[in-house]
Amino acid sequence: FSIILYPIGLFTKSNLNFGQRLAGLFQSLGPIYIKFGQTLSTRPDLIGTEVADSLKYLQDKLPPFSYRIVKARIEERFGQKLSDLFDSFDDTPVAAASIAQVHKAKLKSGEIVAVKILRPNIAQKYEEDIAFLEYGAEVITRFLKKAKRLRPKEVMSVFRQSMNLELNLRSEAAAASRILDNFANDSSIHIPRIYWNLTHDDIITLEWID
């Protein structure tokens, strides 16, 4: 499955089905809509199996933000210099997406970890964009009767709940810890360890898994 992404005219390409055209539209509109599409892909009960399958192919890779910002944020959150917290810290991220990016690092104890840090001002940006999408859902529901069967308000409610979880990395860490506890006696599954002393609302540090 592939889509040539053109911001103009993409949504009407006749050789693509509706789900593929919708995926292309989200991709061309940018990160918030890509994440919206990814969330929708997990709810075939709301949008149908065909559309959900098409949206699964959305990718949200973005250019990384500055290492200077990463360093300053970590030092501010934990009250110590980066060099005092880590034996080494790669300044180039191993992954950069719409919400956060991940850096590989080595603790003073010698353990290799992944440090995930939210993009600057991402919570405010997403709140503004989600509010706009919720307004759009309200307008569509009010003026387009046929759209009601798509349940746009319910869709936006699911999206907001999903984003609230993704934008709080302390909550993500807590969820990972619960999974770790639940599978503590299962040797067939390895759950990454969370380093709580290096975890904050917008930073999570966990065991590196090759």
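Details
- Rg/Rh for region 103-191 (Cα atoms only, Rh after Kirkwood) is 1.18.
- In this label model, H190 and A95 are separated by 1.6 nm, measuring between points 7 Å along each Cα→Cβ vector.
- Largest to smallest accessible area among T42, T141 [probe 1.4 Å]: T42, T141
- Percent carbon-and-sulfur accessible area, the chain, ignoring ligands, DNA and RNA, probe 1.4 Å: 54 percent
- Average accessible surface area per residue within region 71-210, 1.4 Å rolling probe, Å²: 60 Å²
- Among the listed values (1) 1.03; (2) 1.01; (3) 1.15, the one matching Rg/Rh (Cα atoms, Kirkwood Rh) as calculated from this structure is (1).
- R0 of 41 Å, Cβ-Cβ distance S109-D45: FRET efficiency to nearest 0.05: 0.35
- Exposure ranking of W208, W196 by accessible area [1.4 Å probe, largest first]: W196, W208
- A simple spin-label model places the labels of Y135 and S83 4.9 nm from each other, with each point 7 Å out along Cα-to-Cβ.
- Region 102-118 - phi-based ³J(HN,Hα) in whole Hz, Karplus 6.51/-1.76/1.60, Gly and Pro as x: 10, 10, 8, 8, 10, 6, 4, 7, x, 6, 8, 9, 10, 10, 9, 9, 5
The values are calculated or read from the model by the stated rules, or taken from the named source; none is laboratory data. Since we're looking at a predicted model, the values are computed, not measured. Please note: Cβ atoms are built from the backbone with ideal geometry, for glycine as well, and neighbour counts cover all protein chains shown. For the accessible areas, the whole protein counts, side chains as well, though only heavy atoms, and no ligand, DNA or RNA atoms are used. Shrake-Rupley method; radii C 1.70, N 1.55, O 1.52, S 1.80 Å.
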